[in-house]
Ligand SMILES: [Zn+2]
């Protein structure tokens, strides 16, 4: 929790402290899980999933009833808004991971290329 809030305020981004507190409280990271390191995957424990299997994070400050992918919330709360036309991608390919070190914004086509590559590897 301290980690996320410190990153956020150092960079002077996003005002939603409440969302940050709720998000990081649901993520297994070094602040609440001793065996998880700074560079490990930080898994989101929320139950809500969308049809692609990404955990959802309820974020009413964005609008009534609005949900975003937990990894997107983690990205936005750490780095700021996702650039227009880009999506938040995982370098680790774990859909539930919210470690900002594993998240980056890239174009949809880059993301699809990575996805196909990882699917081929898995097959
Ligand atoms: Zn990860």
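Scanning segment 23-40 for residues that are away from the ligand (no atom under 12 Å from the Cβ) and assigned to a loop (DSSP other than H, G, I, E, B) yields a total of 7. Taking residues in segment 101-112 that are free of Cβ contacts under 8 Å to residues at least 60 places away in the same chain, and partners anywhere that are surrounded by fewer than 14 Cβ atoms within 10 Å (Cβ to Cβ), the pairs with Cβ atoms closer than 6 Å and at least 6 places apart or on different chains are 105/83. Note on segment 42-52: among residues that are surrounded by fewer than 19 Cβ atoms within 10 Å (Cβ to Cβ) and in a loop (DSSP other than H, G, I, E, B), the one that is farthest from the ligand (Cβ to nearest atom) is 51. Among residues of segment 31-45 that are more than 20 Å from residue 55 (Cα to Cα), those with a Cβ under 7 angstrom from a residue that is assigned to a loop (DSSP other than H, G, I, E, B), sequence gap 6+ or separate chain, pair up as 31/1; 37/30; 38/30.
None of the figures in this text is laboratory data; all of them are computed from the coordinates on show. Keep in mind it's a predicted model, so treat the numbers as computed, not measured. Positions of Cβ are backbone-derived with ideal geometry, glycine not excepted, and every protein chain shown enters the neighbour counts.
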